[in-house]
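These notes concern the structure reproduced below.
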Amino acid sequence: MKILHVIRSSGFAGAERHIAVLASGQQQAGHDVRVVGGEPVAMRSALVDGVELVVAGDRVLPVARAVHHAADGADVVHVHMTAAEIAVSLAGTVRRDFPPVVATRHFAAPRGRGPLGPLGAGVARRLVQEQIAISRFVQQSIDGGSVVVYAGTEDQPDSFPQRTRPRQILMAQRLEPEKHADLGLEAFARAGLASDGWTLTIAGDGTERASLEHQASRLGVDGSTEFVGRVSDLPDRLGQAAIFLAPTPGEHFGLSVIEAMAAGTPVVADGSGGHLESLGTVGSAGLFASRDAEAAAARLRQLADSESDRDLLGAGLQARQREMFTVERQVTATDAVYRQVVAR
């Protein structure tokens, strides 16, 4: 099958990573895949050989023009995010033979909340024949029907035992207000782990970085907190960390969480949103009451105090990732959606 993925973006964050993993898995499964959008260097690096990358920038009209040409011969167009849906809708107005369109909904919100409002939402959904939601949490919040297909990640070798790992807690996310990295930093400070030789590494960047650095100083944990910015070796870091901390409330799914699960790294996460469908399927040991820094600190302290608990939770999470959140499973479920729309 010839598949065209489209996103109106010149960045590389969660949605772009989602596309790169899926497109690569589809190519390896024997499909012919093209991708329009994403920051060129990062996207190209994340895609396997054989996937064609079309650079189109982050404006709707150039993306629409790119889609008009890239859709030649495609069996299905798979679009991600509302702006890309609008670009695909525009491209489809000048072609009578436009392929069927599947949309993945990445955010737990209905269309129409952006600058173009209901008008933009109407244009965006015009050609969409089927929707994929990345979690039940998203499915329950969006407009229109959808099929839940969980993201996958590559299996990793059996996890390293905790006795070989440094006393390091890792956070990896965009440093933007909605991600609530401040809650994670507060939890680390309240847990009092710095005095026991534990450190907190924060990977990622954004508008909140300076504020978070000031917060670390105010809380007295600046000496044990390291801000490393965007990193290209996240899988290695996940495999080396003793604990992964995911403080975002209402996370739509949480790709980094399943990557930590794949590494056999115990996860402490806000007990809401998509975290309930990934980490929560193994039990509540890693979940804390949503937006509660004191509860998060207690979870961190509990795991930090018990090497055996960390090993047990990490092994359980790795087993669940291999069962539910593999690239092969994601590709197979997505193929089923494609076959339905192509057959109509």
Can you confirm whether residue 289 is in contact with a Gly (Cβ under 7 Å, 6 or more places away or on another chain), aliphatic (A, V, I, L, M) and farther than 22 Å from residue 200 by Cβ? no
Go through (1) under 21 Å from the mean Cα position of the chain (by Cα); (2) at pLDDT below 95; (3) of a type outside the set (A, V, I, L, M) for residue 150 and report which single condition fails. (2)
Out of (1) out of contact with any Lys or Arg (no Cβ under 8 Å at 6 or more places or on another chain); (2) outside the structural domain of residue 88 (by TED's automatic domain parsing); (3) touching a residue at least 24 places away in the same chain (Cβ under 8 Å), the odd one out for residue 109 is which? (2)
List pairs: first residue in the range 191-210 and within 20 Å of residue 175 (Cβ to Cβ), second residue aromatic (Phe, Trp, Tyr) anywhere in the structure, Cβ distance under 8 angstrom, at least six positions apart or on different chains. 200/188; 202/227; 209/227
In this structure, is residue 109 buried (at least 18 other Cβ atoms within 10 Å of the Cβ) and over 24 Å from residue 47 (Cβ atoms)? no
Per the filter on the range 28-57, residues over 20 Å from the mean Cα position of the chain (by Cα), buried (at least 19 other Cβ atoms within 10 Å of the Cβ) and part of a helix (DSSP H, G or I) are none
For residue 335, work out the one condition from (1) among the acidic types (Asp, Glu); (2) buried (at least 22 other Cβ atoms within 10 Å of the Cβ); (3) under 22 Å from residue 145 (Cα atoms) it doesn't fulfil. (2)
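The values are calculated or read from the model by the stated rules, or taken from the named source; none is laboratory data. Note that the structure is predicted; figures quoted are calculated from it, not measured. FYI the Cβ positions are ideal-geometry reconstructions off the backbone, even for glycines, and counts take in every protein chain you see.
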